Amino acid sequence: MAWLSMLFFVIAAITAVALTGRGFGRLADRGVQRSGLPVILRSVASLAGAAAVAFYALGCWGSSARS
């Protein structure tokens, strides 16, 4: 069961990194000053999703380590 938990943690970490790259990449393509509201909102949503995935993975990994 520990291997499955570790695999989930690795997949969630990769997902968080990918979402972070997507969020910052979208802003870097056009620049913060020249991008419109939809681009900024998509970038913020990607970054928020990355943070949520990272916190969820850390919470699941921490709770499985205790049991």
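The values are calculated or read from the model by the stated rules, or taken from the named source; none is laboratory data. In this text the structure is predicted, and so the values were computed from the model without any measurement. Positions of Cβ are backbone-derived with ideal geometry, glycine not excepted, and every protein chain shown enters the neighbour counts.
Residues checked against (1) out of contact with any helix residue (DSSP H, G or I) (no Cβ under 8 Å at 6 or more places or on another chain); (2) closer than 30 Å to Ala2 by Cα; (3) of a type in the set (Asp, Glu):
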position: Ala12; (1), (2), (3): no, yes, no
position: Thr15; (1), (2), (3): no, yes, no
position: Gly21; (1), (2), (3): yes, yes, no
position: Ala28; (1), (2), (3): yes, no, no
position: Val32; (1), (2), (3): no, no, no
position: Ile40; (1), (2), (3): no, no, no
position: Ser46; (1), (2), (3): no, yes, no
position: Ala50; (1), (2), (3): no, yes, no
position: Val53; (1), (2), (3): no, yes, no
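When the criteria are applied in full, Ser35 meets the requirement of being more than 29 Å from Cys60 (Cα to Cα), polar (S, T, N, Q) and modelled with pLDDT under 90. If you go through segment 19-35 and pick out every residue that is closer than 15 Å to Val53 by Cβ and surrounded by 14 or more Cβ atoms within 10 Å (Cβ to Cβ), you end up with 4.
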